[in-house]
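The values are calculated or read from the model by the stated rules, or taken from the named source; none is laboratory data. Note that this is a predicted model, so its numbers are computed, not measured. Because the Cβ atoms are built from the backbone with ideal geometry, glycine has one as well, and the counts that use them run over all protein chains shown.
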Amino acid sequence: MSPESVGAAGATEKCVSLFLRYQNNANSGESASWSCSDRRSEFRSGATRVVDKVGLTTEVPVSADKLGKLSDRLRDYLIESAVQGDPITYRELAHALALEPPRTIHRVTEALEELMHEDAVAGRPFIASLAISKIRGGLPAPAFFACARRLGRFVGDEGASDARAFYASEFNAAVAFWGGDGWS
């Protein structure tokens with residue numbers, strides 16, 4: 001059975017085989033070319049792009065030790081925002097954390113929910129309240145309120161003034177706590 005006939009696993013083996021042949025030829029000084037039509041254009045989260053000296057782009061997993069866990073990096077960035085006292089949009093966070101598509105906003109919101117859980121367990125204001133949706137008039141996305149409800153902090157209506165009042169209170173508490181000396 002040829003690699004082409006065994007689906008994705010075979011395609012991956014074919015790509016690896018072609019790449020190894022490319023590396024051997026390039027290292028020996030021979031002319032080398034490499035292409036694989038089965039390569040994906042999207043890179044996994046937790047991976048980075050590396051371009052070698054001949055212009056080949058490959059995907060390399062990034063260890064947690066190198067970049068740190070996304071939620072930890074996000075908390076560090078939000079603490080800096082708290083010191084300034086300014087909210088930041090999900091897209092701005094994705095850009096600041098150098099996240100690449102696909103699903104950049106989704107990964108940010110997942111990490112924000114993780115931070116909300118950590119803050120709830122520790123009895124701290126939600127640092128995630130510093131992150132807002134560009135299209136919701138200065139409020140976080142509905143998932144913020146749903147998560148706060150699951151964690152027992154929000155009992156109002158997400159679409160009413162309850163949400164705005166809860167958010168303002170949580171945002172001010174987060175700025176005071178995280179922007180001051182409360183967390184150190």
**Request:** Give just the number: which of (1) surrounded by fewer than 19 Cβ atoms within 10 Å (Cβ to Cβ); (2) closer than 24 Å to LEU151 by Cβ does ALA111 not satisfy?
**Result:** (1)
**Message:** I'd like to check something: does the range 121-133 contain any residue that is modelled with pLDDT under 95 and more than 14 Å from GLU92 (Cβ to Cβ)?
**Reply:** no
**Complete:** Selection from the range 79-118 of residues within 10 Å of the chain's Cα centre (by Cα) and of a type in the set (Val, Ile, Thr) yields THR104, ILE105, VAL108, THR109
**Prompt:** Among the residues of the range 91-100, is there at least one that is modelled with pLDDT of 90 or more and under 25 Å from GLY152 (Cα atoms)?
**Reply:** no
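Residue-wise test of (1) assigned to a loop (DSSP other than H, G, I, E, B); (2) on the phi < 0 side of the Ramachandran plot; (3) buried (at least 21 other Cβ atoms within 10 Å of the Cβ).
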residue	(1), (2), (3)
VAL83	no, yes, no
ASP86	yes, yes, no
ALA98	yes, no, no
CYS147	no, yes, yes
ARG153	yes, yes, no
ARG164	no, yes, no
TYR167	no, yes, yes
